[in-house]
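For reference, the structure I am asking about is given below.
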Amino acid sequence: MFYGRFESKADICNQFSIDESALKGCRILFAAYESDYEGQALVVFRKNRKLYEVNGAHCSCYGLEGQWDPEVTTAEALRHRLEEGTLGYFLGGYADEFRSMLDRLSRKG
């Protein structure tokens with residue numbers, strides 16, 4: 001569920017510079033953050049029976065701070081972006097794990 005530079009909810013809070021209360025009641029389903037010279041992050045979570053995603057990116061001068069902006073999404077929309085869009089490119093080595101998470105969501109309905 002945590003990949004790259006994310007190892008816990010605390011890492012998400014630290015990297016996005018948010019208070020831990022922002023994740024209260026959230027069940028993190030997938031969180032990936034790759035950063036070298038530039039960085040990209042994706043967090044997918046469930047809260048109050050809704051599915052949300054947060055995307056962040058930065059150049060070498062900044063980090064993810066100020067980019068925590070959860071958007072309601074669906075498993076179908078995420079799968080479409082994975083298979084037809086550029087999400088698969090970003091996920092790179094984590095695409096299989098992401099696909100498995102989507103498969104679990106689809107089975108649960």
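What residue, of GLY93, GLY63, is in contact with a strand residue (DSSP E or B) (Cβ under 9 Å, 6 or more places away or on another chain), loosely packed, with under 11 Cβ neighbours inside 10 Å and closer than 21 Å to GLU7 by Cα?
GLY93
Within region 76-85, can one find any residue that is assigned to a helix (DSSP H, G or I), in contact with a strand residue (DSSP E or B) (Cβ under 8 Å, 6 or more places away or on another chain) and either at pLDDT 95 or above or buried (at least 17 other Cβ atoms within 10 Å of the Cβ) (or both)?
Scanning region 76-85, I find at least one residue that is assigned to a helix (DSSP H, G or I), in contact with a strand residue (DSSP E or B) (Cβ under 8 Å, 6 or more places away or on another chain) and either at pLDDT 95 or above or buried (at least 17 other Cβ atoms within 10 Å of the Cβ) (or both), so the answer is yes.
Among the numbered criteria (1) under 20 Å from PHE2 (Cβ atoms); (2) without any contact (Cβ under 8 Å) to a residue 40 or more places away in the chain; (3) in a helix (DSSP H, G or I); (4) not basic (Lys, Arg), which one does ASN55 miss?
Here ASN55 meets the rest and fails (3).
Would you tally the residues in region 20-44 being exposed (fewer than 11 other Cβ atoms within 10 Å of the Cβ), out of contact with any strand residue (DSSP E or B) (no Cβ under 7 Å at 6 or more places or on another chain) and within 18 Å of GLU71 (Cα to Cα)?
The total comes to 2.
The values are calculated or read from the model by the stated rules, or taken from the named source; none is laboratory data. Treat the numbers as computed from the prediction; the structure is a model and nothing was measured. Using ideal geometry, Cβ is built from the backbone for each residue, glycine included, and neighbour counts are taken over all protein chains shown.
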